Amino acid sequence: MKLTDQVRNIASKEDLADFVGALLQDLEQNRGEWENPTLDRFLLAMESWIRAMDNFYRNTGQDIPVTPSWRTLGDILYAAKMYE
């Protein structure tokens, strides 16, 4: 399953744990496709995306999360892979 599909289907902590494992596997297999392949760059991108994430949800017609769900955490992790 593609990461984009997997992140959309996160509904539990087990789903999130599976997604984190899939992210690690993707990093190991496709490091060159990652905008943020190091921990420092990944965390910086994560911080930046969290600060701007309302725009993502607004632009994609989704409700802006007030309380993060397991899927919201997945969205944050997935975005940090490529957010500039």
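Taking every full run of DSSP H in the chain, the ones that stretch at least 18 Å from end to end by Cα along their long axis and average 0.0 or higher on the Kyte-Doolittle scale are 70-82. Of all the options 61, 32, 21, the one that moves most in a Gaussian network model of the chain with Cα springs shorter than 10 angstrom is 61.
Sparsely packed loop sites in the range 5-37 (the GluC sites (Glu not before Pro) outside DSSP H, G, I, E and B with at most 14 other Cβ atoms within 10 Å) comprise 35. Each residue, residue 63 and residue 51, gets one label point 7 Å from its Cα in the Cβ direction; the gap between the two is 2.8 nm.
Summing Lys, Arg as +1 and Asp, Glu as -1, what charge do residues with Cβ under 11 Å from the Cβ of residue 16 carry, residue 16 excluded? It would help to have the intermediate numbers written out before the result.
Working: positive: 13, 71; negative: 14, 15, 18, 75.
Cβ neighbours under 11 Å give a net charge of -2.
Using 0.36 nm per residue and subtracting the Cα-Cα separation, the extra length available between residue 44 and residue 31 on full extension is 3.0 nm. Rounded to the nearest 20, the size of the Cβ-charge dipole of the range 3-82 about its Cα centre is 180 debye, with Lys and Arg at +1 and Asp and Glu at -1. Net charge of the neighbourhood of residue 33, taken over other residues with C-beta under 12 Å away and scored Lys/Arg +1, Asp/Glu -1, is -1. If the Kirkwood radius is taken over C-alpha pairs of the chain, then at 37 °C and 0.692 mPa s the Stokes-Einstein diffusion coefficient equals 251 µm²/s. Could you tell me which residue out of 46, 11, 68 lies farthest along the dipole of the chain toward its positive end? Charges go on the beta carbon: Lys and Arg +1, Asp and Glu -1, centred on the Cα centre. My answer, from the dipole projection, is 68.
Read the figures in this text as sums done on the coordinates, not as results from a lab. Keep in mind that what you see is a predicted model, and the values were worked out from it rather than measured. As a convention, Cβ positions derive from the backbone with ideal geometry for all residues, glycine included, and neighbour counts pool all protein chains shown.
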